[in-house]
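Notes for the one structure printed next.
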Amino acid sequence: MTDTLVETARGAPAAAPDTRRSGGRTRSARRWRRAVTPVALLVLWQAAAQTGLLPPEKLPAPIAVAQTGWRLARDGTLGVHLLDSLTRAGIGLAIGGILALVLGATAGLLRLGDDLVDPPVQMARMLPHLGLVPLLIIWVGIGESLKISLVALGAFFPIYFNTYAGIRDIDERLVEAARTCGLGQLARIRHVVLPGALPSLFLGLRLALGAAWLSLVVGEQVNAQTGIGFLMMEAREFSQTDVVLLGLLVYALLGLLSDLAIRFLEGRTLTWRRGLQAV
């Protein structure tokens, strides 16, 4: 349907996308190349720790951090805190994401929605949401609501603005072509607006995930009893630098894995789009 609309709007047949991909050997080589830099950094870190350039009380060696992680995972401590962090992140992301999608679509599709919704959102985005912690404590307290609210706020703005921009950046000629083909309002949204806005939506989701993890780090350090952030704060009280580093690495891995998952889903969903390939 999208190809037909492009052909109708431009008066020329749409070029068939090139679906050829690199072979398995090339993909395997790229995976190895992408692992070179992280492995090299770990080796340098370990070497600096063993030679005494890095004091263990300031920055423990990677092996020491890994041993601490294995110990906490084996006794179940790490799993409990990780599950609570994932739960907070999932609930906050769902709340902020759904609200952002609804308001972004309303502002992007309706002129009245644009006039009523976009101005206050533009004003609110100038406020650092992490700076709202004192006000949120007054509003929702210092329990789970605070942590979920911070995650929701962090996820809201990237998804909203990318939803809004994705809808507004759709070529008007495609919409006119769809109308000419006899498609109704809902059909135009399904066959033109949604496919055209999906790339921006995925970008907004990737940015929202990063903001959500950052917000969770701050939220779990405010009167928390569980979570990776609480584990780090407790370790700081006892000068357990290895546990603090372990928490940071867990957050980093969660962010990396969630980003990889979104990129994989994006590649599966947007098979019709061919972007610029790196040389």
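Any read-out appearing in this document is the output of simple, stated calculations on the displayed coordinates, not a laboratory observation. Fair warning: this is a prediction, and the values are worked out from it, not measured in the lab. Positions of Cβ are generated from backbone atoms using ideal geometry, with glycine treated the same way; all protein chains shown enter the neighbour counts.
Mean residue ellipticity at 222 nm, helices only, the chain: -25000 deg cm²/dmol; runs of at least 4 DSSP H residues each add -39,500 (n - 2.57), and the sum is divided by the number of residues.
Charge tally for Ala152 (other residues, Cβ to Cβ under 13 Å; Lys, Arg +1; Asp, Glu -1): +1.
For the chain, a simple Cβ point-charge model (Lys and Arg +1, Asp and Glu -1, everything else neutral) yields a dipole of about 1160 debye relative to the Cα centre. A simple spin-label model places the labels of Ile91 and Cys181 4.4 nm from each other, with each point 7 Å out along Cα-to-Cβ. Fully extending the segment from Met123 to Leu99 would add 7.0 nm, taking 0.36 nm per residue of separation and subtracting the current Cα-Cα distance. Using the Cβ-Cβ distance between Asp171 and Leu41 with R0 set to 51 Å, the FRET efficiency from 1/(1 + (r/R0)^6) comes to roughly 0.70. Charged neighbours of Tyr164, selected by a Cβ distance under 11 Å, balance to -2 (K, R count +1; D, E count -1). Here the contact order of segment 62-269, divided by its residue count and restricted to Cα pairs under 8 Å and six or more residues apart, works out to 28 percent. Computed from Cα atoms, the angle from the helix 111-124 axis to the main principal axis of the chain rounds to 20 degrees. Neighbours of Arg88 by Cβ distance under 15 Å: Lys/Arg scored +1, Asp/Glu scored -1, total -2. The peptide list 223-234, 143-154, put in order of mean Cβ contacts within 10 Å with the highest first, becomes 143-154, 223-234.
Only one residue of Gly267, Pro158, Leu78 has its Cα farthest out toward the positive end of the dipole of segment 62-269, where Lys and Arg carry +1 and Asp and Glu -1 on Cβ, and that residue is Gly267.
Helix 144-168 axis versus longest C-alpha principal axis of the chain: approximately 30°, rounded to the nearest ten.
Direction-averaged projected area, Cα convex hull, the chain: 19.4 nm², rounded to one decimal.
Computed from Cα positions, the angle between helix 241-269 and the longest principal axis of the chain comes to roughly 20 degrees. Converting the Cα gyration tensor eigenvalues of segment 46-126 into ellipsoid dimensions via √(5λ) gives semi-axes, longest first, of 47, 19, 8 Å. In plain terms, the chain from Leu135 to Leu116 could stretch by 4.4 nm, reckoned as 0.36 nm per residue minus the Cα-Cα distance.
Distance between the pseudo-spin-label points of Asp259 and Arg236 (7 Å out from Cα toward the beta carbon): 2.4 nm. In units of the compact-protein estimate 2.2 N^0.38 Å, segment 179-279 shows a Cα radius of gyration of 1.62.
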